[in-house]
Every structure is written in C-alpha cells, then in structure tokens.
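To keep things clear, I will list the structure first and then write my remarks on it.
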Amino acid sequence: MAIEAGNTRAVWIETFGGPEVVQVKALPVPAPASDEVVVRVAVASINPVDWKTAEGKYPPMGADKLPFVLGRDLAGTIETVGSESGEWAVGDRVCAFIGPDRGAQGERVVVRTSELAKVPDGVDIEVAGALPLAAMTAWQGLFDHGGLEAGQRVLIHGGAGGVGHLAVQFARWKGATVFATASERDLDFVRALGADTAIDYAKQRFEDIATDLDMVFDTQGGETQARSFPTLRKGGILVSTLEPDEKKAAEFGIRTVPRWHADPDAAELEQVLGLIADGQVRVEIAKRFPLDDIREAQRFAREEHPRGKVLLDLAE
Ligand SMILES: NC(=O)c1ccc[n+]([C@@H]2O[C@H](COP(=O)([O-])OP(=O)(O)OC[C@H]3O[C@@H](n4cnc5c(N)ncnc54)[C@H](OP(=O)(O)O)[C@@H]3O)[C@@H](O)[C@H]2O)c1
C-alpha cells in the first residue's frame with residue numbers, strides 16, 4: 001500500500017487498554033495496490049471485537065501488530081481503483097467485511113477487490129455498513145458450520161443482538177423452527193423477526209421451553225452455553241460464536257464446532273444483500289455516532305443494551 005498526499009481520519013490505537021487508548025488520528029491517504037480499491041467510507045459498524053481488540057484480547061491482533069486502525073466492516077463508495085481491479089469502478093456503492101490486517105473505521109480504507117460486495121439499488125448504505133461482520137457470523141455459524149436445514153429446531157441466544165437478530169431471520173428464511181432468547185423489552189421484536197417462540201432470558205428458563213433441539217446458536221458462552229447442552233437431542237450441534245465447551249458437549253453426545261472466527265466472504269455477503277433487497281431480511285440500527293464520539297459509541301454498544309447494530313458515521 002503506497003501513500004498519497006493529504007490526510008484522512010481513522011480510529012486508532014497505539015497500545016492496548018480501556019476506552020482511553022481509543023483515539024481519532026489523521027493518517028496519510030492510502031493508495032490501492034493493483035488488486036485493491038480505496039473506499040470513501042460512509043459508515044462502519046461497531047462490534048464487540050473492537051473493544052476486545054483494543055484490550056489486547058483478540059489473538060490475531062497481538063502487540064506485534066500495534067499501532068493500527070480498529071474496525072472490521074464498512075460501506076461507502078469507491079474513490080480510487082487499483083490497476084487490476086476488474087469490474088470495480090469509481091463511484092460504485094460497496095460494502096465489505098475486511099481481514100484483520102487493516103481497520104475499517106476510517107474515512108478512507110483500502111479494501112481487496114475479493115472482499116468487496118456490491119450494494120444493490122434500494123439498499124441503504126447504512127444498512128450495508130451495519131451488515132457484513134454480523135451477517136457473516138450468523139450465516140457461517142448457522143449454515144457453513146452448523147448445517148442448519150429446513151424443518152430443524154434451533155435455539156438462538158441473544159436474538160435481539162447484532163449477530164442474533166440476523167441469525168433469527170436467516171434461520172426462519174431457511175425454514176427452521178426458531179426459538180430465541182432476549183430481554184423482556186425485545187420479545188416482540190424477535191417475534192417480528194420470525195422467532196416462533198421468544199424467551200425472556202432473565203425471567204424464564206429457556207431449557208424448560210426449547211427442547212429436543214437440532215441446534216443451539218450460542219452468542220453468550222458461560223452459564224448460558226452450559227445450560228444449553230441438555231436442550232439438544234443426541235447428535236444435535238452447538239455452534240458458539242465464543243469458546244465451546246467441547247468436553248461437556250461430548251458428555252451429552254452433542255457435536256460442537258471448535259473455536260472459529262467469521263471470515264470475509266463476498267459471495268455470501270452479496271447473497272444476504274439480495275435477501276435484504278428482496279425485503280426478506282432487515283437490519284435494525286440502534287444508533288449512529290459521529291467519528292469523534294467513538295468512545296461513546298463503544299460505551300453505548302457495550303452498556304446500553306442496543307437492539308441490533310450501532311454505527312460510526314464517517315461521511316463528510
Ligand atoms: N466468532 C466470531 O467470529 C464472532 C463474530 C461476531 C461476534 N462474536 C461474539 O459473539 C457475541 C455476540 O456478538 P453481537 O455482536 O451479537 O453482540 P451484541 O450486539 O452485544 O448482542 C448480544 C446480545 O446478547 C443478549 N444477551 C445478554 N445476556 C444474555 C443472556 N444471558 N441470554 C441471552 N441473551 C443475552 C443481549 O441482550 P440485552 O442487550 O437485552 O441484554 C444482546 O442482545 C460477542 O461476544 C462477540 O464477541 C463472535
């Protein structure tokens with residue numbers, strides 16, 4: 001990646017730590033390599049991996065990678081194209097889930113052409129920016145790792161969260177019977193997304209309601225995961241976005257997927273964008289923050305129990 005004259009702002013960390021290490025920094029405007037483009041970002045999304053990374057708790061981004069820009073997904077328009085960027089052109093509306101080796105929360109971000117997805121007409125750019133990481137996690141967890149099929153029974157934990165609210169809709173679209181846990185104020189929301197049964201995780205015991213399951217999609221880990229094993233039929237599968245307890249799963253005759261991270265997959269992302277363009281899936285956006293309020297955006301996403309996704313506004 002070469003450097004062009006001028007500055008562009010991004011969310012930047014130089015050391016690991018709490019919110020105090022997260023800053024906005026002016027960086028040189030990047031230029032794309034031959035198979036890359038520069039995206040003028042409109043919105044980037046906030047994900048739990050952002051603060052886990054800033055705290056030094058996301059192994060792919062160790063101390064040897066510091067300093068770097070935070071963020072994994074974005075949407076905007078192509079501003080510059082590399083010499084071998086194929087059909088991609090300046091002005092194209094795109095979104096992307098990018099590899100961990102570069103950050104998405106900047107005004108201008110270099111993206112590999114292999115990571116780009118075209119945003120269909122009629123899909124808002126903010127919806128496209130809220131989608132990539134959460135959608136790939138839900139899609140790959142349910143289908144690529146879990147093999148969910150029509151007619152199966154699935155319990156989705158955290159059904160109103162960034163990943164969960166998409167997982168509920170994908171599972172419903174596939175034709176599964178969907179149980180979802182959420183807090184009381186989100187029960188109608190998860191029902192409206194397509195959950196057949198919404199369970200208040202604070203007041204109800206999900207294991208008394210969701211039984212004989214083919215799959216649990218776990219976004220919580222810990223006690224919630226531990227209590228989930230008996231809800232599965234023998235040979236059922238627990239797919240966790242966190243660490244699965246493989247020993248406990250084996251005791252119950254349950255299959256698990258070893259610790260995995262969602263991967264950029266532009267073809268899958270375009271498939272999801274197609275479902276959104278067709279009105280079959282929607283993205284809930286809880287709030288949008290200006291770049292200068294990045295610390296508040298992270299705090300809000302972490303502490304205020306938002307429904308769906310939180311966005312960082314990077315438009316001029
Ligand atoms: N492996 C991967 O590639 C990958 C990718 C993305 C995310 N993740 C991980 O997956 C987790 C979820 O991510 P996210 O973006 O969906 O986070 P999120 O937007 O914060 O959603 C979490 C949801 O969990 C709900 N919740 C809290 N306590 C619960 C409980 N005891 N039972 C059921 N639901 C509960 C929350 O509801 P309330 O707000 O109402 O309490 C919230 O809706 C995070 O830990 C993240 O790091 C992993």
With a 1.4 angstrom probe the carbon and sulfur portion of accessible area for the chain, in percent, totals 47 percent
Quick one: Karplus J couplings for the range 122-137, per residue in order, coefficients 6.51, -1.76, 1.60, θ = phi - 60°, nearest Hz, x for Gly and Pro? x, 9, 4, 5, 5, 5, 5, x, 7, 7, x, 5, 5, 5, 5, 5
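Any idea what the alpha-carbon Rg over 2.2 N^0.38 Å comes to for the chain? Present the calculation step by step, with values, prior to reporting the outcome.
Details: Rg = 19.6 Å, N = 316, 2.2 N^0.38 = 19.6 Å.
That works out to 1.00 for the chain.
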HN-Hα J in Hz across the range 144-153 - Karplus 6.51, -1.76, 1.60, θ = phi - 60°, x for Gly and Pro: 6, 8, x, x, 4, 10, 4, x, 7, 9
Would you tell me the accessible area of E243, worked out with a 1.4 angstrom probe on the heavy atoms of the protein chains, in Å² to the nearest 10? 120 Å²
If each DSSP helix of 4+ residues adds -39,500 (n - 2.57) and the sum is divided by the residues in the chain, what number results at 222 nm, nearest 500 deg cm²/dmol? -6500 deg cm²/dmol
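On alpha carbon coordinates alone, what is the Rg over Rh value for the range 1-82, Rh being the Kirkwood radius?
On the way: Rg = 13.6 Å, Rh = 13.8 Å.
Using Cα coordinates only, the ratio equals 0.98.
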Across the chain, how many lysine pairs separated by 8 or more positions, or lying on different chains, have Cα atoms within less than 19 Å? 7
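Taking only the alpha-carbon atoms of the range 134-256, what semi-axes of the equivalent ellipsoid follow from 5 times the gyration tensor eigenvalues under a square root, in whole Å, largest first?
Working: eigenvalues 75, 50, 34 Å².
Working through the eigenvalues yields semi-axes of 19, 16, 13 Å.
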For T256, what residues show an amide H to amide H distance below 5 Å, using hydrogens built from the backbone and excluding near sequence neighbours? L238
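The values are calculated or read from the model by the stated rules, or taken from the named source; none is laboratory data. This is a predicted model, so every value here is computed, not measured. To get the accessible areas, we keep the full protein, side chains included, count just its heavy atoms, and leave off ligands, DNA and RNA. Shrake-Rupley method; radii C 1.70, N 1.55, O 1.52, S 1.80 Å.
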